[in-house]
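Data block below; observations after.
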Amino acid sequence: MSAVDPTTLPYRRNVGVALFNRDGLVLAAERLDTPGAWQMPQGGIDVDEDPWPAALRELREEIGTDKAERLAETGWFRYDLPPDLLGQVWRGRYRGQEQKWFAARFTGTDDEIDLNADKHPEFSAWRWTKLSALPDLIVPFKRPVYTAVAEAFARFSAA
C-alpha cells in the first residue's frame, strides 16, 4: 500500500458538544473501539445540515437524549490524523477533522442517558468529569483541540 499524502485530502466537518450538568461537570464517554480513551459526544455533519441541529442529532445518537440548552460555540478547530490512521479511518477520504464545538447545559436527568440508544453504539461507559481533565483523557492527536475547547468553555465549568 502506498503512503497517503495528507495535503491531497480534505478535512471532515464535525461537531462536538461539551455537555455540562447543573454542577458544571461535563459528560465524558469511553470509546468502545479505544478502551481508556474518553471523549465528549461528537460526530460528522451531514450534507446541508447546520452545526447546532447536527450537534443535537449526535447527542441523540450517542447518548440517547438531546435535552440540551445551547450556551456558546467556538469557531472551527482542526486536527490531523496521525500517519498510522491516515488512509484507514473514514474510508481514507479525510486527513482529519474540522470541528465546531458547542457548550450546552444538560436539561434532562442522568437516567435518560442511554449509550445503547443507537443500533451502532460508540461508547461503553460515561461519567461526569471536570472539563479541564478531558485533554488528559483523550487520544493524544486530539489533545490540542480538547485543550482549546476547555479554555473556550472554562466559564461554564466547575472549578
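Pro135 sits among other residues whose Cβ lies under 12 Å from its own Cβ, and their net charge, with Lys and Arg +1 and Asp and Glu -1, is +1. Compared with the dominant Cα axis of the chain, that is its longest principal axis, helix 51-63 is turned about 80°. Normalised by the number of residues in the chain, the average gap of Cα pairs under 8 Å and 6 or more apart makes the relative contact order 33 percent. By DSSP, the beta bridges lying fully in segment 6-156 are antiparallel in about 70 percent of cases. The phi torsions of segment 125-140, fed into the Karplus equation with coefficients 6.51, -1.76 and 1.60 and a -60° offset, translate into couplings of 7, 9, 7, 8, 8, 6, 4, 5, 7, 4, x, 7, 9, 8, 4, x Hz, rounded to whole numbers, with Gly and Pro shown as x. When the charge dipole of the chain is built from unit charges on Cβ atoms (+1 for Lys and Arg, -1 for Asp and Glu) and taken about the Cα centre, the candidate among Gly43, Ser157, Thr7 whose Cα reaches farthest toward its positive end is Thr7.
Candidate cross-link partners of Lys130 among the lysines, defined by an alpha-carbon separation under 23 Å and a same-chain spacing of 8 or more, comprise Lys67, Lys100, Lys142. Volume of the convex hull of segment 6-156 (Cα atoms only), normalised per residue: 110 Å³.
Read-outs throughout are calculated quantities, based only on the coordinates presented, and are distinct from any laboratory measurement. In this text the structure is predicted, and so the values were computed from the model without any measurement. Every residue, glycine among them, receives a Cβ derived from its backbone with ideal geometry; neighbour counts consider all protein chains shown.
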